[in-house]
Amino acid sequence: MSDYRAFAMKHRWERTSKKTAGRRQHAIRLWCLVMLSVLCVGCIPKYGFNGASINYSETKTIQIADFPIRSSYVWGPMGPIFNNELKDMFANHTKLIQVKRNGDLKIEGEITQYSQRNKAVSAEGHSAQVELAMTVNVRFTNNVNHKEDFERQFTSTKTYDSTQSLNSVQEELVTQMVKDITDQIFNATVANW
């Protein structure tokens, strides 16, 4: 009887020990999973998909004035291309409502320079490349936080081979410069890069 009792005690202890070990392993796995989740969530960068860092509970509207051309050299379509691209940039990448006046944010200015100059000279002494430049003066007013107000110039340049005429490359290059400048303006005003 004592052998049976010893066997039963040993068997009961093994079952209890296995249950306790199983519970312990389960608890350790659960703890590791929780800690891994906390670690992963803590390491996720908080970036918006649109690149803007706007507090939409305070800032809801934006006023974007048309930028007139004040440059001595003018290409007619440049003004509408710039104005449309700037408005589209904010419409496509923010939740701000565009208004005609009294915006929480206000962007205004003018296209101050559009010029071309010889950039590189060939071995024969002739111009090999021409640089096209565009500069825009921007006045930004943040009516929610005036510490962010500024007036600044944004410039973009593109080069083309002097064997090409300006008329043949102008639309493409102006479109590229406008895209570059509107990206710069967006980043300076609402992306806070």
Residue match in the stretch 111-124 (condition: in a strand (DSSP E or B), in contact with an Asp or Glu (Cβ under 9 Å, 6 or more places away or on another chain) and over 21 Å from S165 (Cβ atoms)): no
Condition broken by E151, with the remaining ones in (1) farther than 30 Å from Y56 by Cα; (2) surrounded by fewer than 13 Cβ atoms within 10 Å (Cβ to Cβ) satisfied: (1)
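With respect to Y114, determine if the residue is more than 29 Å from Q63 (Cα to Cα) and in contact (Cβ under 8 Å) with a residue 24 or more places away in the chain.
On the way: more than 29 Å from Q63 (Cα to Cα): no; in contact (Cβ under 8 Å) with a residue 24 or more places away in the chain: yes.
Answer is no for this residue.
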All positions within the stretch 113-134 that are closer than 28 Å to F82 by Cα and among the acidic types (D, E): E131
Criterion: touching a Leu at 6+ places or on another chain (Cβ under 8 Å), buried (at least 17 other Cβ atoms within 10 Å of the Cβ) and at pLDDT 95 or above - qualifying residue of I181, I107: I107
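The values are calculated or read from the model by the stated rules, or taken from the named source; none is laboratory data. If you're wondering where the values come from, they're calculated on a predicted model, not measured in any experiment. Reconstructed Cβ throughout: ideal geometry from the backbone, glycine too, with neighbour counts over all protein chains shown.
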